[in-house]
Amino acid sequence: GVTSSQPYEEFLQCLEFHDSNITSIVYTRANSSFSSLLESSIRNPRFDTSATPKPLLIFTPRQISHIESAIRCSRAHRIQIRVRSGGHDYEGLSYSTISPSLTFLVLDLRNLRAIQVDVPSKTAWAQAGATLGELYYAIAAESRTLAFPAGMWPTVGLGGHISGGGYGSLLRKHGIAADNVVDAQVVDVEGRILDRASMGEDLFWAIRGASMGEDLFWAIRGGGGNTFGIVIAWKIKLVPVPATVTACTVTRTLEQNATEIVHRWQYVVDKLPNDVFFMVVLNSVANPVQANATTIQASFNSLYLGGIEGLIPMMDAKFPDLGLRRENCVEMSWAKSILYFAGFPLNSPLESLLDRTISATGSAKFKGKSDYVKEPIPISGFEGIWEKLKEVGVQTGGLILASYGGKMSEIPESSIPFPHRAGNIYQVEEVAFWVEDGVEAADGYLNWLRGLYEYMTPYVSKNPREAYANYRDLDIGRNGGGGEGDYRRARSWGSSYYKNNFDRLVRVKTAVDPANFFRNEQSIPPLSSWR
Ligand code: FDA
């Protein structure tokens with residue numbers, strides 16, 4: 001390794017050479033705001049310890065020319081760039097690394113978050129440093145009947161989220177966020193500013209999860225972040241929603257037939273009208289009727305694109321086992337439904353969407369893994385899941401099921417890099433949360449989660465065992481610690497995330513960044529690195 005002061009000094013000189021005012025947006029470890037700036041968008045406290053590898057410096061560009069200078073100087077001085085938008089990366093790769101000796105800087109896009117909504121054309125330009133909450137707020141300020149089909153947690157950043165896909169309550173009606181990107185502004189490894197017309201389809205496909213040219217444009221729409229270039233802004237297609245939608249929550253414990261209802265849910269959920277989206281959270285809770293005992297709770301959260309009068313008779317006809325009642329439901333605007341599912345009180349102002357300080361897990365550290373279910377899991381399968389959930393404490397581990405079908409089944413697997421389409425009934429996220437400090441505690445929870453994942457094997461997709469790129473999981477494979485990739489090795493985790501789109505992503509990467517400048521522990525490697 002190199003010592004930290006020397007590359008930093010030379011890097012700074014390089015920046016100043018390009019732009020004499022630039023040093024005001026560079027934070028070194030000696031700067032009194034370095035730690036608070038770094039921590040302010042660490043969204044997984046697991047990567048906020050003294051042992052976590054830290055960047056040499058944080059760079060907060062205010063204009064695109066700053067990013068061009070950062071790329072030129074980083075290349076010249078061999079400092080790796082980790083770009084951060086919202087900081088929600090599950091493995092912390094936007095601000096850290098598994099490699100303690102790596103010299104890297106964080107290019108934090110927090111100041112690039114302008115959003116321009118154009119109602120007549122039903123489109124918006126949104127910069128990558130904006131959050132989902134800021135986007136939804138900006139859309140709602142213009143129209144109650146327009147929305148964007150992306151994720152359900154307000155502080156998630158548009159940069160990473162759309163680069164990996166991005167799903168939420170509108171996926172059965174309108175697909176995912178990356179499906180609804182119509183143009184993008186990207187800075188490539190040469191420091192050039194590209195848009196769809198100048199990049200070609202492949203880059204665009206890739207950044208939505210792949211390549212610019214249409215190849216780069218294909219690649220950036222789901223092919224994973226920090227790989228093909230730095231996305232500055234997305235032009236997105238807004239989608240129509242009714243002025244009133246209905247959000248409902250129904251909880252059932254084992255004593256209230258949770259097993260049978262969840263089992264039945266699998267047979268109806270992907271066939272319901274596209275206006276209904278379901279998420280089911282399964283975890284262990286204190287038993288409400290028996291002291292000092294636990295039970296399993298299934299929490300059915302649904303969003304219906306319409307009023308309650310239309311929803312209740314439809315659910316009575318198609319999914320009577322749930323026993324949905326009016327009192328389980330509330331009518332609201334679509335933007336408010338984001339706050340509802342994020343757990344805000346019902347009377348919260350829409351401005352809560354703008355709060356960048358909220359945390360989904362508080363001080364709890366977490367790890368997530370993902371799966372896709374194509375055949376209903378039998379009752380006995382769920383009974384084994386309940387045993388696993390009972391092994392960990394109350395509210396420390398769980399599964400989150402998200403309904404597929406509808407529009408998701410109509411989009412071809414190769415349309416963008418995100419490949420999880422027809423044939424999936426639902427997506428599963430397996431999660432563990434813990435507040436205890438230290439490696440030993442963490443290992444206990446991680447081993448529990450890996451055991452649950454192992455248990456799920458017979459019930460989920462195979463060859464490949466599919467996974468969602470935005471629920472990054474380094475257990476399924478990775479590049480070297482400095483991000484050095486190898487095609488063969490990468491193909492195993494790459495086909496889990498991208499299925500048959502992986503090879504096209506490699507081709508785009510090889511074309512747009514052959515020296516693998518943009519990289520991390522799970523970025524697509526170029527073919528030249530196949531040694
Ligand atoms: P972050 O800044 O950490 O970036 C993630 C990756 O993209 C990193 O590799 C980073 O280097 C790269 N990157 C960031 N900005 C880039 C840019 N401008 N150009 C190129 N590369 C860039 N997902 C979902 O689909 N639906 C949901 O509802 C949720 N909800 C949710 C809640 C919570 C609490 C968390 C922690 C996560 C989610 N997610 C999610 C997962 C989320 O979509 C995923 O973590 C995204 O990659 C986060 O994007 P950020 O910009 O916030 O992360």
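Quick note: the coordinates plus some simple rules give every number you see, no bench work behind them. Since the structure is predicted, the reported quantities are computational estimates derived from the model, not experimental observations. Counting neighbours? That spans all protein chains shown, and the Cβs are built from the backbone with ideal geometry, glycine included.
Compute the convex hull volume of the Cα atoms of region 2-110, divide it by the residue count, and report the result per residue in Å³ as a whole number.
Roughly 94 Å³ of hull volume per residue.
Kindly write out, for region 358-364 in residue order, the coupling ³J(HN,Hα) from the Karplus curve 6.51 cos²θ - 1.76 cosθ + 1.60 (θ = phi - 60°), rounded to whole Hz, with x marking Gly and Pro.
5, 10, 6, 10, x, 8, 6
Inverting the mean 1/r over all pairs of different Cα atoms, compute the Kirkwood radius of region 252-328 and quote it in Å.
13.5 Å
Would you please give the FRET efficiency between V394 and Y455, computed as 1/(1 + (r/R0)^6) with r the Cβ-Cβ distance and R0 = 25 Å, to the nearest 0.05?
That pair, V394 with Y455, gives E of 0.80.
Report the local net charge at T23: Lys and Arg +1, Asp and Glu -1, summed over other residues whose C-beta lies under 12 Å from its C-beta.
Overall, the nearby charge balance is -3.
Rule-of-thumb check for region 58-201: C-alpha Rg over 2.2 N^0.38 Å?
Scaled against compact globular proteins, the figure is 1.11.
At a 10 Å Cβ-Cβ cut-off, how would you order Y498, Y167, Y137, fewest neighbours first?
Listing Y498, Y167, Y137 from fewest to most nearby Cβ atoms yields Y137, Y167, Y498.
How far is the Cα center of region 219-278 from the Cα center of region 456-483, in Å?
Their Cα centres are 21 Å away from one another.
Given Cα pairs under 8 Å that are at least 6 residues apart, what percent is the relative contact order of region 351-498?
31 percent
Check which residues have an amide H placed less than 5 Å from T294's amide H, if you skip close sequence neighbours.
Sorted by chain and number, the residues that satisfy this are N287.
In which sequence would S32, S65 go, from the one with the fewest C-beta neighbours within 10 Å to the one with the most?
Ordered by Cβ neighbours within 10 Å, fewest first: S32, S65.
Normalised by the residues of the chain, what does the relative contact order come to in percent, with Cα pairs under 8 Å and at least six apart?
Relative contact order, the chain: 15 percent.
Calculate how large, on average over all directions, the projected area of the Cα convex hull of region 4-66 is; give the answer in nm² to one decimal.
4.9 nm²
Counting other beta carbons within 10 Å of each Cβ, put C14, C73 in order, fewest first.
C14, C73
Evaluated at 25 °C with a viscosity of 0.890 mPa s, what Stokes-Einstein diffusion coefficient in µm²/s does region 298-421 have when Rh comes from the Kirkwood expression over alpha-carbon pairs?
In µm²/s, the coefficient rounds to 134.
Give me the compactness ratio for region 83-151, meaning the Cα radius of gyration over 2.2 N^0.38 Å.
Region 83-151 yields a ratio of 1.42.
When the Cα atoms of region 388-450 are enclosed in a convex hull and the volume is divided per residue, what value in Å³ results?
123 Å³
Can you work out ³J(HN,Hα) from phi for every residue in region 46-63, in order, using Karplus 6.51 cos²θ - 1.76 cosθ + 1.60 and θ = phi - 60°, giving whole Hz and x for Gly and Pro?
In residue order, the calculated couplings are 4, 10, 10, 10, 5, 7, 5, x, 10, x, 5, 7, 10, 10, 10, x, 10, 8 Hz.
For region 376-419, what is the convex hull volume of its Cα atoms per residue in Å³?
Enclosed volume per residue, from the Cα hull, is 118 Å³.
Can you bin every Cα-Cα distance in region 237-366 into 10 Å intervals starting at zero and give me the percent of pairs per bin, rounded to whole numbers?
For region 237-366, the pair-distance distribution reads 11, 36, 35, 17, 1, 0.
Using the crude model of +1 on Lys and Arg Cβ and -1 on Asp and Glu Cβ, and no other charge, please compute the dipole size for region 388-483 relative to its Cα centre, in debye to 20.
Approximately 400 debye in magnitude.
How big, on average over all directions, is the shadow cast by the Cα convex hull of the chain, in nm²?
23.4 nm²
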